[in-house]
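Working notes, structure below.
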Amino acid sequence: MCIVGVVSFALFSVASLAADMTGTWKMNPAKSKLRSKVVTQAMKVEKTAANSYRFTWDRISSSGEKTQLSENRICDGKEHPSGNTAGMAYVCNSQATKHTLHARWQGHE
């Protein structure tokens, strides 16, 4: 399943955001523009090594179907292909004061 669009996440857990962007995040549907049937999504980010993180998405579709997707990502400010979604590339940057993740699908920005 490919989600194309902008997804906004709000802090979900009580724990504060670490300097390395780890934590659990919940999608804010009011601020998200999705081209899929996902109605609820949570994203967990775990640090696995220097500049490397494991992203895990738990999704619920409008029909109630639950899915989980995980991917290890390198956060070095360079573009890398997604291991899970054909035609998708991402740029992830984790600095002490700014954390960004930009995903780009072939034909979409």
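Every number here is computed from the coordinates shown, using simple stated rules; none is lab data. Model, not experiment: these values are computed from the prediction. Neighbour counts are summed over all protein chains in view; Cβ atoms, including those assigned to glycine, are modelled from backbone coordinates with ideal geometry.
If we count every other residue with Cβ under 15 angstrom of residue 40's Cβ, Lys/Arg +1 and Asp/Glu -1, where does the sum land?
Values: positive: 26, 31, 37, 44, 59, 66; negative: 58, 65.
Charge balance near residue 40 sits at +4.
When ranked by the protection proxy of mean other Cβ atoms within 10 Å per residue, highest first, what sequence do the peptides 50-57, 77-84 form?
50-57, 77-84
Search the structure for amide H atoms under 5 Å from the amide H of residue 84, placed 1.01 Å from N in the peptide plane, and list their residues when 5 or more places away or on another chain.
Residues meeting the criterion, in which the H sits 1.01 Å from N, do not exist here.
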